[in-house]
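Worksheet for the structure shown next.
The values are calculated or read from the model by the stated rules, or taken from the named source; none is laboratory data. All of these numbers come straight from a predicted model, not from anything done at the bench. Ideal geometry is used to build each Cβ from the backbone, glycine not excepted, and the neighbour counts take in all protein chains shown. Remember, those area values only see protein heavy atoms, side chains included, never the ligands or the DNA or RNA. Shrake-Rupley method; radii C 1.70, N 1.55, O 1.52, S 1.80 Å.
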Amino acid sequence: MRRRLSLLAGVAALGLTLAGCGGGGDTPSDNGNAKDATGKVGVFTWWADGSEKAGLDALVGVFNKDFPNVTFDNLAVAGGAGSQAKSVLAAQLKAGNPPDSFQAHAGAELQDYIDADQLEDLSSFYKDNDLSSQFPKDLVDRLTVDGKIYSVPSNIHRANVVWANVEVLKKAGIDPEKPAENLDGWFADMDKIKATGVIPLAVAGSWTQVQLFENVLLSSLGVDGYNGLWDGKTDWKSAEVTTAIKAYEKALSYTNTDRDSLSDWAPATQLVQDGAAAYNVMGDWAEAKFAQDGDKSGVDYTYFPTPGTAGVFDFLADSFTLPKGAPNPAGAKAWLTTIGSAEGQTAFNKVKGSIPANTTAKTDDFSEYQKSAIKDFSQDKIVSSLAHGAAVPVAWLNDLSTAVSKFGGDKNVDGLQSSAAAIAAKFAK
Ligand code: BGC
């Protein structure tokens, strides 16, 4: 753990924690070349529905063209943020029954698989495909663990974005072009919205509440304070964290009361699209949904960094792996070839709402939002998402998610704070 912490400590300086820590791994076996691939390649993701499935389909379109002799086998398990998929995958890996490739979040989540010796080293794959020169050097450095690289990132998503209904804001007398600068200002806007009878803030079940919590922590504590929660430098028991949890309690008070029964992120975003709610804090996969549903940016919806987090890019990336014991490793490498390629990244990210990790991918016809995200990523401070596997290992996230869900019911500030502190202490050992 000390090794993980010391490596995570570099986050504030450089931003990315992409699989940037520790880990084992054997000498890679001779497991075939992409160009010789045939048969079926089973790919495990949680992009099962809606705009996420459309993104996957765009990727598969390029894959089918790149590798006509290989058949894509869609092993997607529904549930946003991998809420169902990750445990299904863990069971398959434990049973020695891995897919050919699976989606994982770059950073601490991926590190779990590396530590468990479940992934093949892809260093020679990177060399063969000249990937290191196509991804930003910082990113490659962060992907490198003891001189080895274990995954190919397909995208970069942002988790600290508010999506808003333009008409609802106007009716409440709020200028859609001038978002609040901090949480207090935002809560004042939410009071105005509440007065018009509309739900101020839409949220759904457990993981979307964790993402909201993460945004409030980031806004309230700032970059260093937020990063410190994961590397032990911020005391979970401090007065600053109490203030942040109280702000989260206030944010929750503006949300839809049926939040726990909304199955996933899309129904919460839909409330904004329908004008039933003003705001939804969601990753920029929401941009893909707005686009897919024909909504127009600036007219139907608008977006801005969560108040108090302007200039900060709360980062996550979906990265693809070659698990040890994959039935068709050559097929997996074929898939990873398309994932890493400029063409694959353009086709996928355009539909997914994210931005390419491959800097040579064309983005000329990307949406206005995506162009702004590309710019922001190049100049903002980068932090790692909690809810999306970048900041902490899966077990830590699971325990904290349970505590955050409980708080949604009992609103016990001391209870959440002491649970979160105990969880951090447990995993920081
Ligand atoms: C993934 C995204 C996905 C989102 C919602 C995130 O964890 O990284 O690709 O769109 O969850 O399912």
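Okay, here's what the table says:
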item	result
Using a Förster distance of 25 Å, the FRET efficiency for residue 261-residue 402 (Cβ separation, nearest 0.05)	0.90
Spatial extent of region 23-102: Rg and Dmax, with the Cα atoms as the point set, Å	14.3, 40
Where 261, 419, 123 fall by accessible area, highest first, once all protein chains stay in place (1.4 Å)	261, 419, 123
Area of residue 271 that stays accessible when all protein chains are in place (1.4 Å probe, Å², to 10)	40 Å²
Solvent-accessible heavy-atom area per residue, rounded to whole Å², over region 141-221 at 1.4 Å	33 Å²
Computed over the chain, Kirkwood Rh from alpha-carbon pairs, angstrom	21.7 Å
Equivalent ellipsoid dimensions for region 206-271 as semi-axes, Å, which come from the Cα gyration tensor, largest first	26, 12, 9
Solvent exposure of region 228-268 as accessible area per residue, Å², 1.4 Å probe	47 Å²
Residue 235 paired with residue 196, simple spin-label distance in nm, labels 7 Å along Cα-to-beta-carbon	4.4 nm
Distance between modelled label sites at residue 378 and residue 87, nm, 7 Å Cα→Cβ extension	4.3 nm
Reach of residue 127 by Cα under 20 Å, taken over aspartates and glutamates that are not fewer than 8 positions away in the same chain	26, 30, 36, 66, 138, 141, 146, 343
Sulfur and carbon atoms: percent of accessible area, region 190-229 [1.4 Å]	53 percent
Stretchable slack from residue 123 to residue 71, in nm (0.36 nm times residue separation minus alpha-carbon distance)	16.2 nm
With all protein chains modelled, accessible area of residue 410 [1.4 Å, Å²]	70 Å²
0 to 90° range, to nearest 10: angle between helix 183-195 axis and the chain longest Cα axis	70 degrees
Rounded if a/c under 1.5, otherwise prolate or oblate - region 197-318, Cα gyration tensor axes	prolate
Nitroxide proxy distance, nm - points 7 Å out along Cα→Cβ at residue 38 and residue 395	4.4 nm
Residue 296 accessible area, 1.4 Å probe, all protein chains in place, Å² to nearest 10	120 Å²
Zero-based 10 Å bins, Cα pair distances in region 341-396, whole percents	23, 41, 29, 6
Pairwise FRET efficiency - residue 175 versus residue 243, Cβ, R0 = 22 Å, nearest 0.05	0.20
Alpha carbon centroid spacing (whole Å) that separates region 320-349 from region 276-301	29 Å
Where only alpha carbons of region 121-250 are counted, the Rg and the Dmax (Å)	20.3, 60
Of 194/371; 137/375; 53/381; 171/406; 40/289, those spanning more than 27 Å from alpha-carbon to alpha-carbon	194/371; 53/381; 171/406; 40/289
Region 108-162: projected area of the alpha-carbon convex hull, averaged over directions, in nm²	4.6 nm²
Order by protection proxy (mean Cβ within 10 Å, highest first), peptides 324-331, 363-370, 90-97	324-331, 363-370, 90-97
Rg over Rh [alpha-carbon atoms, Kirkwood Rh] for region 269-354	1.10
Descending semi-axes in whole angstrom, ellipsoid equivalent of region 288-429, from the Cα gyration tensor	32, 25, 14
